[in-house]
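The values are calculated or read from the model by the stated rules, or taken from the named source; none is laboratory data. Because the structure is predicted, anything quoted here is derived from the model rather than measured. A quick note on method: Cβ atoms are made from the backbone with ideal geometry, for glycine too, and the neighbour counts reach across all protein chains shown. Note: areas computed on protein heavy atoms with side chains; ligands, DNA, RNA excluded. Shrake-Rupley method; radii C 1.70, N 1.55, O 1.52, S 1.80 Å.
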Amino acid sequence: MEKIILLADSGSTKTDWLLLAGNSEVARIATQGINPFMLDEAEIAAILTSELLADAHFVCPDAVHFYGAGCRGVQCGVVERALRSVMPTLHEVIVDSDLVGAARALCGNADGIACILGTGSNSCLYVSGQVVANVSPLGYILGDEGSGAVLGRRLVGDVLKHQLPDHLCSAFHARYAISADEMIRRVYREPFANRFLASFAPFLSEHKADAAIQQLLHEEFDRFFKRNICSYGRPDLPVSFVGSVAYYFQDVLRSVAAANGYAVGRVLRSPLS
C-alpha cells in the first residue's frame, strides 16, 4: 500500500492541504490559517478537528509535512504536538517555516532569493539548498513591507485621512460599509487584525490602473525591496515570489524590481503543487 502524505502550506489567513498517495493526488482541503505565534496548541488542534478531519475528503495520513508562517524554533513543536494529538497514528511529522517551503517550491536546486507576499511578507537568500540569510519580517506593525496586511493598513489609513482622490474614497465606502469607529475597533480590539487589513487588498487590485493606487503599490513594494531584498547584496540572483499579493500585482513587482537592479524569476500564487 502506498504511503499517504499530507502536505500543508499555511499562512496567517488560510492553510492549503494536499493529500498524496505516492505521486497521486487524493484530495485538496482548505482551512483557516494556522500560525503558532497567534494560536496555542489547543486552538490549533480545534481547527484541525473541526475543519481538516471533518472534511469529507480527508484520509488519515502516514506522514505530515507542514510548512507554515510562524513555524520556527519552539513554535514548530507546538504545531507538531497539535498534529499528533488529533492524528495519533502518524509515523512522521515534519514542521518547518513557510519560507523554507516557498524556497523549495520557487528555487528547487538552484540558488535564488525566495519571497512570500501574502497576508504577511518574508524573504530569504537560498543557496545550495539551504536558507543562508533571512531579514526578519517583524510582522505587520514593525515590518511586513509589501504584504496584504500592510497594503490594507495603508489603504484604510489613506481613505480615513482623505489622502486618496475623492472618487477612490467614495468607491471604498460604497464597497465596504464600515464606519471609521468600527474600523478602528476591528483593528485595535479584535483578534487577527492582520487578516482584517489584508481583506482590503482586492480593492487595490480592482483599482490598480488608477495613478494614486499605482503610486501606493510602487511605494510599498519599493520599501519591500530596499528594506529586505537589497540587504542580501545579490542582484545577480533572480527574485521569486509566492503568495496572492505577488501573483496579482506581479506587473508592479517586476517594475519595482528592475528599478532596484533585480530581475523577477518565478511568481506562484501557491507553492503547494
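If only residues of the range 221-273 that are out of contact with any helix residue (DSSP H, G or I) (no Cβ under 6 Å at 6 or more places or on another chain) and acidic (D, E) are counted, the one that is least open to solvent (accessible area, probe 1.4 Å) is D251. Selection of the range 1-45 for residues being open to solvent by 10 Å² or more (accessible area, probe 1.4 Å), out of contact with any strand residue (DSSP E or B) (no Cβ under 8 Å at 6 or more places or on another chain) and hydrophobic (A, V, I, L, M, F, W, C) yields M1, F37, M38, L39, A42, A45. When residues in the range 166-181 are screened for being open to solvent by less than 60 Å² (accessible area, probe 1.4 Å) and farther than 19 Å from A201 by Cβ, 1 of them pass. Residues in the range 256-270 that are of a type outside the set (S, T, Y), under 15 Å from D111 (Cβ atoms) and in a loop (DSSP other than H, G, I, E, B): A263 alone. Each residue in the range 121-154 was checked for being among the hydroxyl-bearing types (S, T, Y), under 23 Å from P235 (Cα atoms) and touching a residue at least 40 places away in the same chain (Cβ under 8 Å), and 3 pass.
Residues in the range 139-157 that are farther than 14 Å from S12 by Cβ and surrounded by fewer than 18 Cβ atoms within 10 Å (Cβ to Cβ): L142, G157.
Are any residues in the range 46-76 among the small types (G, A, S) and open to solvent by 20 Å² or more (accessible area, probe 1.4 Å), and if so, which ones? If the condition is that a residue be among the small types (G, A, S) and open to solvent by 20 Å² or more (accessible area, probe 1.4 Å), then A46, S50, A54, A56, G73 are the ones that fit.
So for the range 124-132 (the condition being at pLDDT 95 or above and surrounded by 24 or more Cβ atoms within 10 Å (Cβ to Cβ)), does at least one residue qualify? Within the range 124-132, one or more residues are at pLDDT 95 or above and surrounded by 24 or more Cβ atoms within 10 Å (Cβ to Cβ). Please specify each residue of the range 93-113 satisfying the condition of being among the acidic types (D, E) and open to solvent by less than 60 Å² (accessible area, probe 1.4 Å). Within the range 93-113, D96, D98 qualify.
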